[in-house]
Amino acid sequence: MELLKKLCEAHGVPGREEAVRTLVVSELKKICDEIRTDALGNVIALKKGSGRGPKVMLAAHMDEIGFLVSHIDEKSGFLRIDPVGGFDPRVLMAQRVIVHTEKGDLIGIIGSKPPHILTEEERKKPLELKDLFIDLGLPAEEVKKRVNIGDFITLQQDFAEVGNLVSCKALDDRVGVYVMIEAVRRTKKHVCDIYAVATTQEEVGVRGARVSSFNVAPDIGVALDVTVASDVPGVGEHEQVTKLGAGVAIKIKDSLSISNPKLVRTMRQIAEQKKIKYQLEILPRGGTDAGAIQMTREGVAAITLSIPTRYLHSVVEAAHKDDIQAAIDLLATFLEVAHESDYSL
Ligand code: CO
Ligand code: ZN
């Protein structure tokens, strides 16, 4: 869990994944045969197989949702922000952020008008990003000296174990990166060449996966990402998508991809044979790197293994430790037997 904590607490929005990348490269270097980085910042690590099997590409995204500084108020020094990825403005109120500048990090406060002075009208309106600003507690002159338009901003939150759960910002998708690294670490006997790819810019439209997948040209693609777990009070059983503690989720469909049915079947069979807890997932809205991988070149058999996560796209994202372990177990076993099945339709 120490590695998961480090990954979650590292900061990097789409296009600015450098701190996470450094961490990922140092881990993958120890367990892979070759490693390289492409022009979009994707990390592509190869762990060579023992024979001739299909090329398997794993993908987990390093970026987290956040903001770029879009404006500095001339008089007050308050910052306005442009989103890179989709935070719900409701979860942003009253949070602390880190503004990452060339001259170092600054702590900021996400401010808004206090409820005391809101009119009846304003109170009824849903909160929008344009209502929020960042307060650095510094005079405008000082802010202008230290902050540039385009500097990136992430939410400040530390990693915590909460009962059987782990909770932090950016579990989406650092937990996927963690699962990928741990599964590759564990896989010893495998025929397939395994490409472990830590992708960039997923949150703004699976951009890193698109180019890295073209480069790798895999036969099989497996994305590792979080998915919605709405197993909370007030949500009907049929709307929960997944449940925490009920195992790794084998994705059937989301709005970017329909998983290869033979990959779904193989994953289920492995889980049943090895007694790994799993659930089947259909996500009405959202997508993963699998959406980009399956559309590569002449098409790729792709699937996503998901880690059920509550409070997605907030700073208290929470996942169950057993589900994370189940994801590692299923992926590691799959890598050892992936060459035994045929995934052509
Ligand atoms: Co996300
Ligand atoms: Zn994600």
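Within region 283-297, residues that are open to solvent by less than 30 Å² (accessible area, probe 1.4 Å) sit with their Cβ atoms under 6 Å from residues that are within 11 Å of ligand 1 (Cβ to nearest atom) and not acidic (D, E), at 6+ positions apart or across chains, in these pairs: L283/T227; D289/V206; G291/V206; A292/V206. The residues on offer are H71, H61, H116, H100, and the sole one that is under 17 Å from C8 (Cβ atoms), more than 16 Å from ligand 1 (Cβ to nearest atom) and not hydrophobic (A, V, I, L, M, F, W, C) is H100.
Given the structure, is G49 in contact (Cβ under 8 Å) with a residue 60 or more places away in the chain, open to solvent by less than 50 Å² (accessible area, probe 1.4 Å) and in contact with an Asp or Glu (Cβ under 8 Å, 6 or more places away or on another chain)? Please lay out each step first, then the result.
Values: in contact (Cβ under 8 Å) with a residue 60 or more places away in the chain: yes; open to solvent by less than 50 Å² (accessible area, probe 1.4 Å): yes; in contact with an Asp or Glu (Cβ under 8 Å, 6 or more places away or on another chain): yes.
Yes.
Of all the residues in region 146-174, those that are within 15 Å of ligand 1 (Cβ to nearest atom) and of a type in the set (D, E, K, R) number 4. Among the residues of region 52-68, those identified as more than 22 Å from the chain's Cα centre (by Cα) and open to solvent by less than 40 Å² (accessible area, probe 1.4 Å) are G53, P54. Considering only residues that are within 22 Å of D323 (Cβ to Cβ) and among the polar types (S, T, N, Q), look in region 207-238 and name the one that is most open to solvent (accessible area, probe 1.4 Å). Filtering first and then ranking leaves S230.
Screening the candidates V241, V177, V226 for the property of being assigned by TED's automatic domain parsing to the domain that holds A60, within 26 Å of D33 (Cα to Cα), within 15 Å of ligand 1 (Cβ to nearest atom) and touching a strand residue (DSSP E or B) at 6+ places or on another chain (Cβ under 6 Å) yields one hit, V177.
Among strands (runs of 3 or more DSSP E) entirely within region 114-220, having at least 2 residues that are within 26 Å of E27 (Cα to Cα) singles out 152-155, 160-162, 165-168, 194-199.
The values are calculated or read from the model by the stated rules, or taken from the named source; none is laboratory data. On a predicted model such as this, the values are computed, not experimentally measured, just so you know. Counting neighbours? That spans all protein chains shown, and the Cβs are built from the backbone with ideal geometry, glycine included. Heavy atoms of the whole protein, side chains included, go into the accessibility calculation; ligands, DNA and RNA do not. Shrake-Rupley method; radii C 1.70, N 1.55, O 1.52, S 1.80 Å.
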